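The values are calculated or read from the model by the stated rules, or taken from the named source; none is laboratory data. These numbers come from a predicted model, not from an experiment. Using ideal geometry, Cβ is built from the backbone for each residue, glycine included, and neighbour counts are taken over all protein chains shown.
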Amino acid sequence: MIPFIHNVKILPEYFVEVCTGKKTAELRLADRPYTEGDSLVLHEYDGTKLTGRKVTTRITHVLRDPRYLKEGFVLLSFVLDEPGAKISSVAWMNLFDMFCDKRKELEELRKELQK
């Protein structure tokens with residue numbers, strides 16, 4: 001079977017946790033045919049628009065057991081999709097971009113406070 005690529009949105013705080021390897025599971029609506037081995041591409045979404053940052057993961061387990069999950073939900077376990085690396089180079093670039101954005105915000109705030 002050919003692995004499927006699922007493109008889904010994720011909020012910024014969870015996106016960062018995926019990129020750092022801290023978050024390795026995702027509770028989702030069972031509105032897609034999620035299968036072990038599929039790619040899960042998580043696109044950062046700020047609540048109104050996509051930010052352009054994304055990270056690719058590989059689904060390692062799909063839990064559909066109604067004893068543990070409400071009907072219509074699945075629990076997806078995943079790993080970053082770069083074998084042998086805890087965090088992919090794309091994820092590092094995304095984190096660096098976020099750091100630069102925050103640094104610019106702080107510098108602007110500092111200038112504003114010094115007025």
*From the list Asp65, Asp46, which residue is surrounded by fewer than 14 Cβ atoms within 10 Å (Cβ to Cβ) and in contact with a helix residue (DSSP H, G or I) (Cβ under 8 Å, 6 or more places away or on another chain)?*
Asp46
_Which numbered condition Asp81 misses (of (1) touching a Lys or Arg at 6+ places or on another chain (Cβ under 7 Å); (2) modelled with pLDDT of 85 or more; (3) not hydroxyl-bearing (Ser, Thr, Tyr))_ = (2)
*asked:* Checking the conditions here, which among Thr48, Thr57, Thr35 is touching a residue at least 12 places away in the same chain (Cβ under 8 Å) and under 28 Å from Asp101 (Cα atoms)?
replied: Thr57
